[in-house]
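Trainee: First the structure, then my questions, so here it is.
The values are calculated or read from the model by the stated rules, or taken from the named source; none is laboratory data. Remember, predicted model here, so these are calculated numbers, not experimental data. Ideal geometry is used to build each Cβ from the backbone, glycine not excepted, and the neighbour counts take in all protein chains shown. Side chains included, ligands, DNA and RNA excluded: accessible areas come from the protein's heavy atoms. Shrake-Rupley method; radii C 1.70, N 1.55, O 1.52, S 1.80 Å.
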Amino acid sequence: MNAGILGIGRCLPETKLTNFELEQRMDTSDEWIRTMTGIEERRIAGDEQDTSHMAREAAQKAIDDAGIDPTEIGLILVATVTGDQPFPSMSCVIQQEIGAVNAAAMDLSAACAGFMYGVVTAKQFIDSDVYKYVLVVGVEKLSKITNWEDRNTAVLFGDGAGAVVIGKVSEGRGILSFELGADGSGGKHLYQDDYLVMNGREVFKFAVRQMGESAVNVIEKAGLDKEDVDFLIPHQANIRIMEASRQRLELPVEKMSKTIHKYGNTSAASIPISLVEDVEEGRIKDDDVIVMVGFGGGLTWGAIAMRWGK
Ligand code: UT7
(Lines give C-alpha, C1' and ligand atoms only; values in the text may rest on other atoms or scores of the structure.)
Protein backbone atom coordinates (compact mmCIF):
# COMPACT_ATOMS: atom_id res chain seq x y z
CA MET A 1 0.00 0.00 0.00
CA ASN A 2 1.24 3.43 -0.98
CA ALA A 3 1.34 6.63 1.01
CA GLY A 4 -1.39 8.99 -0.14
CA ILE A 5 -3.56 11.88 0.93
CA LEU A 6 -6.27 11.09 3.48
CA GLY A 7 -7.51 14.60 4.29
CA ILE A 8 -7.21 18.15 2.99
CA GLY A 9 -7.85 21.63 4.35
CA ARG A 10 -6.96 25.25 3.74
CA CYS A 11 -7.17 28.73 5.18
CA LEU A 12 -7.46 31.93 3.16
CA PRO A 13 -7.55 35.34 4.84
CA GLU A 14 -10.78 37.28 4.25
CA THR A 15 -9.20 40.52 3.07
CA LYS A 16 -8.77 40.85 -0.69
CA LEU A 17 -6.24 43.21 -2.24
CA THR A 18 -7.13 43.88 -5.88
CA ASN A 19 -4.91 45.07 -8.71
CA PHE A 20 -6.97 48.26 -8.78
CA GLU A 21 -6.07 48.96 -5.15
CA LEU A 22 -2.39 48.38 -5.99
CA GLU A 23 -2.70 50.91 -8.82
CA GLN A 24 -3.45 53.50 -6.13
CA ARG A 25 -0.38 52.54 -4.10
CA MET A 26 2.37 52.17 -6.73
CA ASP A 27 3.27 52.72 -10.37
CA THR A 28 1.52 49.68 -11.82
CA SER A 29 -1.68 48.78 -13.65
CA ASP A 30 -4.31 46.08 -13.52
CA GLU A 31 -3.58 45.41 -17.18
CA TRP A 32 0.16 44.86 -16.64
CA ILE A 33 -0.37 42.56 -13.67
CA ARG A 34 -3.10 40.52 -15.36
CA THR A 35 -1.26 40.16 -18.65
CA MET A 36 2.18 39.48 -17.19
CA THR A 37 1.15 37.23 -14.26
CA GLY A 38 -2.54 36.25 -14.47
CA ILE A 39 -3.17 37.70 -11.00
CA GLU A 40 -6.31 39.79 -10.38
CA GLU A 41 -6.38 39.86 -6.58
CA ARG A 42 -4.66 38.24 -3.61
CA ARG A 43 -5.53 37.64 0.06
CA ILE A 44 -3.74 39.55 2.81
CA ALA A 45 -3.70 38.40 6.45
CA GLY A 46 -4.16 41.13 9.05
CA ASP A 47 -2.02 41.70 12.16
CA GLU A 48 -4.27 39.37 14.17
CA GLN A 49 -3.81 36.48 11.71
CA ASP A 50 -0.18 35.35 11.76
CA THR A 51 1.32 32.35 9.98
CA SER A 52 0.58 29.90 12.81
CA HIS A 53 -3.10 30.91 12.86
CA MET A 54 -3.52 30.10 9.17
CA ALA A 55 -1.51 26.88 9.59
CA ARG A 56 -3.66 25.75 12.51
CA GLU A 57 -6.94 26.38 10.68
CA ALA A 58 -5.82 24.48 7.57
CA ALA A 59 -4.40 21.65 9.70
CA GLN A 60 -7.58 21.29 11.74
CA LYS A 61 -9.68 21.02 8.58
CA ALA A 62 -7.35 18.39 7.07
CA ILE A 63 -7.48 16.32 10.27
CA ASP A 64 -11.30 16.53 10.37
CA ASP A 65 -11.45 15.62 6.68
CA ALA A 66 -9.22 12.58 7.28
CA GLY A 67 -11.45 11.54 10.19
CA ILE A 68 -8.53 10.85 12.51
CA ASP A 69 -7.76 11.91 16.04
CA PRO A 70 -4.89 14.44 16.41
CA THR A 71 -3.21 12.12 18.94
CA GLU A 72 -2.68 9.57 16.14
CA ILE A 73 -0.38 11.91 14.20
CA GLY A 74 3.27 10.84 14.38
CA LEU A 75 4.92 13.82 12.73
CA ILE A 76 4.04 17.40 11.79
CA LEU A 77 5.94 19.08 8.96
CA VAL A 78 5.30 22.75 8.29
CA ALA A 79 6.77 24.18 5.09
CA THR A 80 7.20 27.93 5.42
CA VAL A 81 9.70 30.76 5.08
CA THR A 82 7.52 33.23 6.98
CA GLY A 83 6.99 31.74 10.44
CA ASP A 84 5.70 33.92 13.30
CA GLN A 85 9.25 33.81 14.71
CA PRO A 86 12.45 31.80 13.96
CA PHE A 87 11.69 29.45 16.86
CA PRO A 88 9.79 27.73 18.35
CA SER A 89 8.85 26.29 14.98
CA MET A 90 5.38 26.65 13.48
CA SER A 91 5.01 22.88 13.72
CA CYS A 92 5.59 22.99 17.50
CA VAL A 93 3.15 25.89 17.87
CA ILE A 94 0.37 24.06 16.06
CA GLN A 95 1.25 20.70 17.64
CA GLN A 96 0.17 22.16 20.96
CA GLU A 97 -2.84 24.00 19.54
CA ILE A 98 -4.36 21.02 17.73
CA GLY A 99 -3.54 18.59 20.55
CA ALA A 100 -1.23 16.35 18.51
CA VAL A 101 0.59 15.39 21.70
CA ASN A 102 2.28 12.31 20.24
CA ALA A 103 3.71 14.04 17.19
CA ALA A 104 7.31 15.01 16.50
CA ALA A 105 7.43 18.43 14.90
CA MET A 106 9.71 20.36 12.59
CA ASP A 107 9.60 23.13 10.00
CA LEU A 108 10.99 22.80 6.53
CA SER A 109 12.51 25.58 4.42
CA ALA A 110 12.33 25.05 0.67
CA ALA A 111 10.42 28.22 -0.25
CA CYS A 112 7.70 27.67 -2.86
CA ALA A 113 8.71 24.02 -3.31
CA GLY A 114 8.30 23.43 0.45
CA PHE A 115 5.02 21.59 0.22
CA MET A 116 6.46 19.13 -2.31
CA TYR A 117 9.46 18.53 -0.01
CA GLY A 118 7.06 18.05 2.91
CA VAL A 119 4.85 15.49 1.21
CA VAL A 120 7.83 13.50 -0.10
CA THR A 121 9.41 13.49 3.40
CA ALA A 122 6.10 12.36 4.90
CA LYS A 123 5.90 9.53 2.39
CA GLN A 124 9.23 8.10 3.61
CA PHE A 125 7.97 7.83 7.19
CA ILE A 126 4.71 6.23 6.05
CA ASP A 127 6.37 3.75 3.66
CA SER A 128 8.80 2.65 6.38
CA ASP A 129 5.93 2.16 8.86
CA VAL A 130 7.52 4.58 11.34
CA TYR A 131 4.37 6.70 11.57
CA LYS A 132 0.74 6.01 10.72
CA TYR A 133 -0.15 9.61 9.90
CA VAL A 134 1.93 12.65 9.00
CA LEU A 135 0.46 16.15 8.84
CA VAL A 136 2.00 18.39 6.17
CA VAL A 137 1.21 22.11 6.06
CA GLY A 138 2.30 24.68 3.48
CA VAL A 139 1.78 28.18 4.84
CA GLU A 140 3.02 31.69 4.12
CA LYS A 141 2.37 35.21 5.25
CA LEU A 142 4.42 36.79 2.48
CA SER A 143 2.80 40.18 3.02
CA LYS A 144 5.07 40.71 6.02
CA ILE A 145 8.28 40.35 3.99
CA THR A 146 6.94 42.16 0.92
CA ASN A 147 8.56 45.48 0.05
CA TRP A 148 5.49 47.54 -0.83
CA GLU A 149 7.79 50.08 -2.55
CA ASP A 150 9.00 47.46 -5.08
CA ARG A 151 6.51 46.96 -7.88
CA ASN A 152 8.59 44.09 -9.30
CA THR A 153 7.58 41.87 -6.37
CA ALA A 154 4.74 43.56 -4.43
CA VAL A 155 2.10 42.68 -7.00
CA LEU A 156 2.88 38.96 -7.05
CA PHE A 157 2.36 37.48 -3.62
CA GLY A 158 -0.48 36.56 -1.26
CA ASP A 159 -1.08 34.90 2.12
CA GLY A 160 -2.68 31.54 2.94
CA ALA A 161 -2.27 27.95 4.11
CA GLY A 162 -3.03 24.45 2.88
CA ALA A 163 -2.67 21.14 4.72
CA VAL A 164 -2.87 17.42 4.07
CA VAL A 165 -2.83 14.28 6.19
CA ILE A 166 -0.59 11.61 4.67
CA GLY A 167 -1.12 7.94 5.44
CA LYS A 168 -1.62 4.59 3.71
CA VAL A 169 -4.28 4.46 1.01
CA SER A 170 -5.83 1.55 -0.87
CA GLU A 171 -3.92 -0.52 -3.44
CA GLY A 172 -3.06 1.34 -6.66
CA ARG A 173 -3.77 4.77 -5.21
CA GLY A 174 -1.46 7.31 -3.60
CA ILE A 175 1.97 8.66 -4.50
CA LEU A 176 3.38 6.84 -7.52
CA SER A 177 6.64 8.74 -8.01
CA PHE A 178 8.42 11.92 -7.04
CA GLU A 179 11.39 14.13 -7.80
CA LEU A 180 13.11 16.68 -5.58
CA GLY A 181 15.99 18.93 -6.57
CA ALA A 182 17.99 22.03 -5.72
CA ASP A 183 20.51 24.37 -7.32
CA GLY A 184 22.13 26.53 -4.67
CA SER A 185 24.01 28.50 -7.32
CA GLY A 186 20.69 30.17 -8.17
CA GLY A 187 20.10 31.36 -4.59
CA LYS A 188 21.06 34.88 -5.57
CA HIS A 189 17.98 35.22 -7.79
CA LEU A 190 15.38 34.95 -5.01
CA TYR A 191 16.10 35.60 -1.33
CA GLN A 192 15.13 37.54 1.77
CA ASP A 193 17.21 40.54 2.88
CA ASP A 194 14.79 42.20 5.31
CA TYR A 195 12.32 42.03 2.41
CA LEU A 196 11.91 39.57 -0.41
CA VAL A 197 14.24 40.33 -3.34
CA MET A 198 13.87 38.74 -6.77
CA ASN A 199 15.42 38.71 -10.21
CA GLY A 200 12.15 37.88 -11.93
CA ARG A 201 13.61 37.20 -15.37
CA GLU A 202 16.08 34.59 -14.09
CA VAL A 203 13.51 32.85 -11.90
CA PHE A 204 11.08 32.85 -14.81
CA LYS A 205 13.54 31.11 -17.16
CA PHE A 206 14.46 28.53 -14.52
CA ALA A 207 10.82 27.86 -13.68
CA VAL A 208 9.68 27.34 -17.26
CA ARG A 209 12.47 24.81 -17.85
CA GLN A 210 12.29 23.01 -14.49
CA MET A 211 8.52 22.72 -14.09
CA GLY A 212 8.12 21.02 -17.46
CA GLU A 213 11.12 18.75 -16.95
CA SER A 214 10.12 17.62 -13.46
CA ALA A 215 6.54 16.96 -14.51
CA VAL A 216 7.72 14.77 -17.40
CA ASN A 217 10.22 12.98 -15.13
CA VAL A 218 7.64 11.94 -12.52
CA ILE A 219 5.26 10.71 -15.21
CA GLU A 220 8.04 8.51 -16.62
CA LYS A 221 9.14 7.31 -13.18
CA ALA A 222 5.55 6.25 -12.48
CA GLY A 223 5.59 4.18 -15.68
CA LEU A 224 2.91 6.39 -17.23
CA ASP A 225 2.54 8.42 -20.42
CA LYS A 226 1.45 12.03 -20.78
CA GLU A 227 -1.96 10.82 -21.96
CA ASP A 228 -2.51 9.10 -18.61
CA VAL A 229 -2.45 12.40 -16.73
CA ASP A 230 -5.90 13.65 -15.73
CA PHE A 231 -4.94 16.83 -13.92
CA LEU A 232 -1.95 19.11 -13.33
CA ILE A 233 -1.44 21.31 -10.29
CA PRO A 234 1.50 23.61 -10.96
CA HIS A 235 2.79 26.04 -8.34
CA GLN A 236 0.69 29.15 -8.87
CA ALA A 237 3.50 31.63 -9.54
CA ASN A 238 2.71 33.09 -12.94
CA ILE A 239 0.12 32.00 -15.48
CA ARG A 240 2.74 32.11 -18.24
CA ILE A 241 4.98 29.65 -16.35
CA MET A 242 1.98 27.43 -15.56
CA GLU A 243 0.89 27.46 -19.20
CA ALA A 244 4.37 26.37 -20.30
CA SER A 245 4.19 23.28 -18.09
CA ARG A 246 0.65 22.50 -19.24
CA GLN A 247 1.73 22.68 -22.88
CA ARG A 248 4.74 20.45 -22.15
CA LEU A 249 2.28 17.79 -20.96
CA GLU A 250 -0.05 18.53 -23.89
CA LEU A 251 -3.01 18.90 -21.55
CA PRO A 252 -6.16 20.89 -22.37
CA VAL A 253 -6.65 24.06 -20.35
CA GLU A 254 -9.45 22.61 -18.17
CA LYS A 255 -7.05 19.95 -16.89
CA MET A 256 -4.79 22.46 -15.17
CA SER A 257 -5.45 23.94 -11.76
CA LYS A 258 -5.80 27.73 -11.78
CA THR A 259 -6.32 29.75 -8.63
CA ILE A 260 -3.59 32.34 -9.21
CA HIS A 261 -6.09 35.00 -10.37
CA LYS A 262 -7.76 34.91 -6.94
CA TYR A 263 -4.92 34.24 -4.52
CA GLY A 264 -1.68 35.30 -6.26
CA ASN A 265 1.50 33.42 -5.45
CA THR A 266 1.18 31.98 -1.93
CA SER A 267 4.53 30.13 -2.12
CA ALA A 268 4.50 26.88 -0.10
CA ALA A 269 0.72 27.15 0.28
CA SER A 270 -0.17 27.46 -3.39
CA ILE A 271 -0.32 23.78 -4.36
CA PRO A 272 -2.39 22.57 -1.36
CA ILE A 273 -4.70 25.62 -1.61
CA SER A 274 -5.35 24.73 -5.25
CA LEU A 275 -5.72 21.02 -4.46
CA VAL A 276 -8.51 21.74 -1.98
CA GLU A 277 -10.37 23.87 -4.51
CA ASP A 278 -10.00 21.32 -7.32
CA VAL A 279 -11.22 18.45 -5.14
CA GLU A 280 -14.13 20.44 -3.66
CA GLU A 281 -15.25 21.65 -7.07
CA GLY A 282 -15.07 18.17 -8.62
CA ARG A 283 -12.16 18.67 -11.02
CA ILE A 284 -10.24 15.89 -9.27
CA LYS A 285 -12.03 12.57 -8.80
CA ASP A 286 -11.09 9.21 -7.32
CA ASP A 287 -8.54 7.31 -9.42
CA ASP A 288 -7.48 10.38 -11.42
CA VAL A 289 -3.76 10.62 -12.09
CA ILE A 290 -2.59 14.02 -10.89
CA VAL A 291 0.79 15.68 -11.20
CA MET A 292 1.83 18.39 -8.75
CA VAL A 293 4.93 20.42 -9.50
CA GLY A 294 6.57 23.33 -7.71
CA PHE A 295 9.71 25.47 -7.76
CA GLY A 296 11.05 28.24 -5.61
CA GLY A 297 13.86 30.12 -3.92
CA GLY A 298 16.96 28.13 -3.16
CA LEU A 299 16.60 27.36 -5.95
CA THR A 300 14.46 24.31 -5.25
CA TRP A 301 11.97 22.17 -7.10
CA GLY A 302 9.79 19.14 -6.57
CA ALA A 303 7.13 17.10 -8.33
CA ILE A 304 4.81 14.24 -7.45
CA ALA A 305 2.64 11.95 -9.56
CA MET A 306 -0.20 10.30 -7.69
CA ARG A 307 -3.42 8.44 -8.17
CA TRP A 308 -6.10 10.27 -6.22
CA GLY A 309 -8.27 8.60 -3.61
CA LYS A 310 -8.03 7.00 -0.16
O1 UT7 B 1 7.36 31.37 -6.53
C2 UT7 B 1 8.51 31.78 -7.19
C3 UT7 B 1 8.55 33.28 -7.15
N4 UT7 B 1 8.81 33.98 -8.33
C5 UT7 B 1 8.23 33.90 -9.55
O6 UT7 B 1 7.54 33.01 -9.87
C7 UT7 B 1 8.52 35.00 -10.49
C8 UT7 B 1 8.96 34.56 -11.85
N9 UT7 B 1 9.05 35.72 -12.72
C10 UT7 B 1 7.98 36.34 -13.23
O11 UT7 B 1 6.86 35.94 -13.00
C12 UT7 B 1 8.21 37.50 -14.17
O13 UT7 B 1 9.59 37.69 -14.34
C14 UT7 B 1 7.57 38.83 -13.69
C15 UT7 B 1 6.05 38.76 -13.82
C16 UT7 B 1 7.96 39.11 -12.27
C17 UT7 B 1 8.04 39.97 -14.60
O18 UT7 B 1 7.83 39.65 -15.94
P19 UT7 B 1 9.02 39.83 -17.01
O20 UT7 B 1 8.49 39.43 -18.32
O21 UT7 B 1 10.23 39.11 -16.51
O22 UT7 B 1 9.22 41.41 -17.00
P23 UT7 B 1 10.47 42.29 -16.53
O24 UT7 B 1 10.80 42.08 -15.09
O25 UT7 B 1 11.58 42.17 -17.52
O26 UT7 B 1 9.84 43.72 -16.66
C27 UT7 B 1 9.30 44.22 -17.90
C28 UT7 B 1 8.90 45.67 -17.67
C29 UT7 B 1 10.01 46.50 -17.04
O30 UT7 B 1 9.96 47.81 -17.60
P31 UT7 B 1 11.02 48.26 -18.74
O32 UT7 B 1 12.35 48.10 -18.10
O33 UT7 B 1 10.80 47.29 -19.87
O34 UT7 B 1 10.61 49.65 -19.03
C35 UT7 B 1 9.58 46.59 -15.58
O36 UT7 B 1 10.08 47.73 -14.94
O37 UT7 B 1 7.78 45.74 -16.77
C38 UT7 B 1 8.08 46.65 -15.71
N39 UT7 B 1 7.39 46.22 -14.50
C40 UT7 B 1 6.15 46.64 -14.18
N41 UT7 B 1 5.28 47.46 -14.78
C42 UT7 B 1 4.10 47.68 -14.21
C43 UT7 B 1 7.82 45.38 -13.54
N44 UT7 B 1 6.89 45.22 -12.60
C45 UT7 B 1 5.83 46.01 -12.97
C46 UT7 B 1 4.58 46.27 -12.40
N47 UT7 B 1 3.74 47.09 -13.04
N48 UT7 B 1 4.17 45.69 -11.24
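Trainee: Check which residues have an amide H placed less than 5 Å from Ala104's amide H, if you skip close sequence neighbours.
Mentor: Those qualifying (amide H under 5 Å, at least 5 residues apart or on another chain) are Leu75, Ile76.
Trainee: A further question follows. I need the phi-derived Karplus couplings for the stretch 168-176: 6.51 cos²θ - 1.76 cosθ + 1.60, θ = phi - 60°, integer Hz, Gly and Pro marked x.
Mentor: Couplings: 6, 10, 5, 3, x, 9, x, 6, 9 Hz.
Trainee: Taking the Cα-to-Cβ direction at Lys310 and at His261 and moving 7 Å from each Cα, how far apart do the two end points lie in nm?
Mentor: 3.3 nm
Trainee: Gaussian network model of the chain, Cα springs within a sub-10 Å range: biggest mean-square fluctuation belongs to which of Asp107, Asp228, Asp288?
Mentor: Result for the chain, Cα springs under 10 Å: Asp228 fluctuates most.
Trainee: Sticking with this one: Tell me the GluC sites (Glu not before Pro) within the stretch 21-109 that lie in a loop according to DSSP and have at most 11 other beta-carbon atoms within 10 Å. Walk me through the intermediate numbers first.
Mentor: Details: sites: Glu21, Glu23, Glu31, Glu40, Glu41, Glu48, Glu57, Glu72, Glu97; in loops: Glu40, Glu48.
Counting only loop positions with at most 11 other Cβ atoms within 10 Å, the GluC sites (Glu not before Pro) in the stretch 21-109 are Glu48.
Trainee: Under the rule a/c < 1.5 gives rounded, and otherwise a/b versus b/c splits prolate from oblate, where does the chain land using the Cα gyration tensor? Show your work: numbers first, answer last.
Mentor: Working: a/c = 1.65, a/b = 1.19, b/c = 1.38.
Oblate shape, in that a/c is at least 1.5 and b/c is the bigger or equal ratio.
Trainee: Between Phe20 and Asp129, what length in nm is gained on full extension when 0.36 nm per residue of separation is reduced by their alpha carbon distance?
Mentor: Details: separation 109, 0.36 × 109 = 39.24 nm, distance 5.10 nm.
Answer, rounded to one decimal: 34.1 nm.
Trainee: Would you calculate the separation in nanometres between label points at Trp32 and Asn102, each defined as 7 Å from the Cα along the Cα-to-beta-carbon direction?
Mentor: Simple spin-label model gives 5.5 nm for this pair.
Trainee: Okay, moving on. Please sort by residue number the GluC sites (Glu not before Pro) in the stretch 204-262 whose DSSP state is loop and whose Cβ has at most 16 other Cβ atoms within 10 Å.
Mentor: Passing sites in the stretch 204-262 are Glu250.
Trainee: Still on this structure: I need to check one value: relative contact order of the stretch 3-168, counting alpha carbon pairs closer than 8 Å and at least 6 residues apart, in percent.
Mentor: Numbers: 370 pairs, mean separation 56.1, N = 166.
Relative contact order of the stretch 3-168: 34 percent.
Trainee: Over the chain, what is the relative contact order in percent, taking alpha-carbon pairs closer than 8 angstrom and at least six residues apart?
Mentor: Numbers: 803 pairs, mean separation 81.3, N = 310.
This gives 26 percent for the chain.
Trainee: For the stretch 1-140, what is the accessible area per residue in Å² when the probe is 1.4 Å? Can you show the working numbers first?
Mentor: Working: 5950 Å² over 140 residues.
Roughly 42 Å² per residue, with all protein chains present.
Trainee: So if I place +1 on the C-beta of Lys and Arg and -1 on the C-beta of Asp and Glu, and nothing else carries charge, what would the dipole magnitude of the chain be about its Cα centre? I want it in debye, nearest 20. The partial results should precede the final answer.
Mentor: Numbers: 31 positive and 47 negative charges, 105 e Å.
Once rounded to the nearest 20, the dipole reads 500 debye.
Trainee: Ok, one more. What's the carbon and sulfur percent of the chain's accessible surface, probe 1.4 angstrom, rounded to a whole number?
Mentor: 47 percent
Trainee: Using each residue's phi in the stretch 34-44, evaluate 6.51 cos²θ - 1.76 cosθ + 1.60 at θ = phi - 60° and report the 3J(HN,Hα) Karplus result to the nearest Hz, with x for Gly and Pro.
Mentor: Each residue's phi maps through the Karplus curve to give 5, 5, 7, 10, x, 8, 10, 7, 9, 9, 10 Hz.
Trainee: Taking θ as phi - 60°, what are the ³J(HN,Hα) couplings along the stretch 179-193 by the Karplus curve (6.51, -1.76, 1.60), each to the nearest whole Hz, with x for Gly and Pro?
Mentor: Calculated HN-Hα couplings, in order: 8, 10, x, 8, 9, x, 5, x, x, 5, 8, 7, 7, 10, 9 Hz.
Trainee: Relative contact order for the stretch 241-310: what is it in percent, counting Cα pairs under 8 Å that are at least 6 residues apart?
Mentor: That works out to 22 percent.
Trainee: So how far apart, in nm, are the two label points at Ala182 and Asp150 if each is 7 Å from Cα heading toward Cβ?
Mentor: 2.2 nm
Trainee: Given the -39500 (n - 2.57) contribution per DSSP H run of 4+ residues, what per-residue ellipticity at 222 nm results for the chain, rounded to the nearest 500 deg cm²/dmol?
Mentor: Taken over the chain, the calculation gives -10000 deg cm²/dmol.
Trainee: In addition: Show the residues, 5+ positions off or on another chain, whose built amide H is closer than 5 Å to the amide H of Asn265.
Mentor: Phe157, Gly158
Trainee: Nearest 5 percent is fine: what portion of the DSSP beta bridges confined to the stretch 3-168 is antiparallel? Walk me through the numbers on the way to the answer.
Mentor: On the way: 19 of 30 bridges.
Given both bridge residues lie in the stretch 3-168, the antiparallel proportion sits at roughly 65 percent.
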